[in-house]
């Protein structure tokens with residue numbers, strides 16, 4: 001009888017799960033509403049709001065801008081974060097701990113404070129409302145995760161494996177291509193996927209530094225939700241969730257999610 | 001660090017010191033530049049601007065002053081902001097704990113076949129943007145929303161309940177947004193809980209309430225402390241959910257930072273409030289580390 005799951009307890013947990021998933025579950029049927037305003041259940045069904053979304057200049061443009069920024073941030077974040085993680089894990093130098101703490105410290109700062117702080121510097125540097133500004137700001141959010149993941153990835157690859165390959169006559173290039181890269185691949189893919197998702201979903205910091213001509217999708221949705229209540233936001237939300245699921249599905253198919261996370 | 005340096009043979013030290021570590025610097029430089037431009041510099045500037053005197057209309061002067069902080073602490077509205085934020089932080093944390101604890105306990109006890117799937121379901125909301133989830137709540141809780149619709153069509157109420165554009169709506173939305181974080185922290189701390197302890201307590205005559213209070217709760221306390229710290233800190237600094245579900249009628253430190261910075265353009269005031277938020281963070285962290293020390 002110890003540790004048994006009684007019926008009332010099961011019901012309680014089911015209710016909490018319903019509460020947890022309710023806002024996501026409600027958005028899907030609502031996006032197929034053909035009504036002009038939010039009614040639930042919708043009086044007529046259809047794809048009206050999906051069509052409206054793709055012909056809405058703001059959303060279509062914002063989707064493209066968010067995509068470009070997320071891809072750039074992913075590439076640059078790996079380019080900066082992977083070598084830094086390598087140096088911190090494999091090299092001995094004074095201030096190693098300090099650099100690690102410094103590079104992962106942005107995680108600890110609330111994004112509302114970090115957003116304001118970045119605004120105050122970027123307004124002087126004339127980076128507000130520019131691709132450069134948004135990319136730099138997103139990099140500071142994604143790189144701590146890249147470094148953390150890659151530190152774990154590098155520590156699962158003992159130098160002795162590479163030394164063994166070298167001793168058996170492999171050239172440095174072959175060692176990197178046949179030993180280091182394949183073993184690092186799950187770490188790379190996990191970092192890349194997380195960077196993309198974090199950048200694509202980032203809203204608080206973007207709110208501070210987007211300009212009227214350069215707005216990311218989450219910022220566009222935020223402003224739209226604040227001013228209008230029609231089912232178009234539901235359609236945009238479904239596209240956003242579907243894109244996220246697609247990325248996770250692709251990783252799962254190519255690597256296996258559990259392998260990617262490392263344990 | 002000291003141990004590593006001393007393990008290097010003394011004869012080699014001068015040679016390696018003379019060699020300039022080009023490779024090491026090349027590896028670290030890009031990351032250091034990003035960190036400096038988007039973190040170190042902004043944080044320093046934030047601290048400085050919080051002491052700068054501003055003329056009306058948000059024009060910055062070159063004079064340093066304590067006025068921004070003095071104004072904050074003497075204004076009854078800002079005292080209200082602090083108490084609203086703290087109440088929201090404590091309240092949301094407590095309710096989130098009550099919702100997430102059964103989930104964590106269930107995941108701990110359910111058969112492994114179900115555990116993985118339910119774990120994925122528990123954390124999956126983290127992958128959905130908080131804007132989307134908050135929008136979902138606006139659809140459910142609004143005056144013409146799903147919840148009021150069901151209650152009115154079934155004749156339980158005549159006029160819609162006010163569930164959005166007020167503190168209640170913010171509470172509901174925040175609890176839902178934070179449950180996955182709390183559940184993750186709790187699950188991480190549930191490893192020490194084993195059935196044998198409960199069986200031992202039961203064989204000594206403890207009823208189920210006593211077993212929960214004297215065995216389960218103390219064993220899972222470190223996870224509870226971690227989850228509470230995380231949720232408190234996240235709810236104090238959250239902005240999207242209070243802004244949208246509060247409809248501009250719920251005034252918190254985080255929403256005030258945004259309003260002062262982006263709408264009023266009063267950057268020194270916004271910076272001073274940010275510093276106060278960071279101080280509250282520091283205090284929460286200090287309380288947490290004192291509490292955790294007690295467990296050991």
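Every number here is computed from the coordinates shown, using simple stated rules; none is lab data. Keep in mind the model is a prediction, meaning the values are calculated, not measured. Don't worry about glycine lacking a Cβ; one is built from the backbone with ideal geometry, like all the others, and counts go over all protein chains shown.
Between rounded, prolate and oblate, where does the range A:1-74 land on the alpha carbon gyration tensor, with a ≥ b ≥ c its root eigenvalues, rounded for a/c under 1.5, else prolate if a/b exceeds b/c?
Note, shape of the range A:1-74 comes out oblate.
Please say if the protein assembly as shown is rounded, prolate or oblate, where rounded means a/c under 1.5 for a ≥ b ≥ c the square roots of the C-alpha gyration tensor eigenvalues, and otherwise the choice is prolate for a/b larger than b/c and oblate otherwise? Walk me through the numbers on the way to the answer.
Details: a/c = 1.44, a/b = 1.18, b/c = 1.21.
Verdict is rounded for the protein assembly as shown.
Provide the packing ranking of B:123-129, B:167-173, A:162-168, i.e. peptides ordered by the mean count of other C-beta atoms within 10 Å per residue, highest first.
Numbers: B:123-129: 17.4, B:167-173: 22.6, A:162-168: 12.9.
Those peptides, ordered most packed to least, come out B:167-173, B:123-129, A:162-168.
Across peptide B:98-107, how many C-beta atoms of other chains are within 10 Å of each residue C-beta, on average?
Values: counts 1, 6, 2, 1, 7, 5, 1, 4, 8, 1.
Average neighbour count from other chains, rounded to a whole number: 4.
Hey, got the average number of other protein chain Cβ atoms within 10 angstrom for residues in A:193-205?
2
Counting each DSSP H run of 4 or more residues in chain A as -39500 (n - 2.57), what helix-only mean residue ellipticity at 222 nm follows after dividing by all residues, to the nearest 500 deg cm²/dmol? Let's see the in-between values first.
On the way: 13 runs with 195 residues, N = 263.
Calculated from helices alone, the mean residue ellipticity at 222 nm is -24500 deg cm²/dmol.
Among B:152, A:184, B:31, which comes first, then next, by fewest other beta-carbon atoms within 10 Å?
B:152, A:184, B:31
Between residue A:44 and residue A:14, what length in nm is gained on full extension when 0.36 nm per residue of separation is reduced by their alpha carbon distance?
Details: separation 30, 0.36 × 30 = 10.80 nm, distance 3.05 nm.
Full-extension gain reported as 7.7 nm.
List residues of the range A:219-241, by number, whose backbone nitrogen lies under 20 Å from a label position 7 Å along Cα→C-beta of residue A:250.
Within reach of a label on residue A:250, which here means backbone N under 20 Å from a point 7 Å along Cα→Cβ, the range A:219-241 contributes A:237-241.
Order of B:44-50, A:140-146, A:191-197 by packing, highest average Cβ count within 10 Å first?
Numbers: B:44-50: 18.7, A:140-146: 24.6, A:191-197: 22.3.
With the highest mean Cβ count within 10 Å placed first, the list reads A:140-146, A:191-197, B:44-50.
Quick one: helix A:181-201 against the long Cα principal axis of chain A, what's the angle to the nearest 10°, folded into 0 to 90?
Between helix and principal axis, roughly 30 degrees.
Let me make sure I get this right: for the range B:78-295, a, b and c are the square roots of the gyration tensor eigenvalues over alpha carbons, sorted descending. Under 1.5 in a/c it's rounded, otherwise prolate if a/b > b/c, else oblate. Which is it? Can you show the working numbers first?
Numbers: a/c = 2.29, a/b = 1.38, b/c = 1.66.
Note, shape of the range B:78-295 comes out oblate.
Springs between alpha-carbon pairs under 10 angstrom, Gaussian network model over chain A: which of A:57, A:243, A:79 fluctuates most?
In the Gaussian network model the winner is A:57.
Between helix A:131-155 and chain A, what is the angle of the helix's C-alpha long axis to the longest principal axis, kept within 0 to 90° and rounded to the nearest 10?
Roughly 50 degrees between the two axes.
Sort B:139-147, A:9-17 for me by packing, meaning the mean count of neighbouring Cβ atoms within 10 Å per residue, highest on top. Intermediate values should be presented prior to the final figure.
Numbers: B:139-147: 19.7, A:9-17: 14.8.
For the peptides B:139-147, A:9-17, the packing ranking is B:139-147, A:9-17.
Relative to the longest principal axis of the C-alpha atoms of chain A, give the angle of the C-alpha long axis of helix A:232-254, reported between 0 and 90° and rounded to the nearest 10°.
Result, in degrees: 30.
For B:243, B:293, what's the fewest-to-most ordering of other Cβ within 10 Å of each Cβ?
Details: B:243 23, B:293 8.
Fewest to most other Cβ atoms nearby, the residues stand as B:293, B:243.
With runs of 4+ DSSP H residues as the only contributors, calculate the mean residue ellipticity of chain B at 222 nm using -39,500 (n - 2.57) per run, divided by the residue total and rounded to the nearest 500.
Computed mean residue ellipticity for chain B: -22500 deg cm²/dmol.
For peptide B:39-51, how many partner chain Cβ atoms fall within 10 Å of a residue's Cβ, on average?
On the way: counts 13, 5, 6, 14, 9, 3, 8, 9, 1, 1, 4, 1, 0.
Mean partner shielding for this stretch: 6.
Mean separation of Cα pairs under 8 Å and 6+ residues apart, divided by the residue count of chain B: what relative contact order is that in percent? Don't skip to the end; give the middle numbers.
Working: 291 pairs, mean separation 74.5, N = 296.
Relative contact order, chain B: 25 percent.
Can you pull the one-decimal nm distance between simple spin-label points at residue B:61 and residue B:111, each 7 Å off the Cα toward Cβ?
Result for the modelled spin labels: 7.5 nm.
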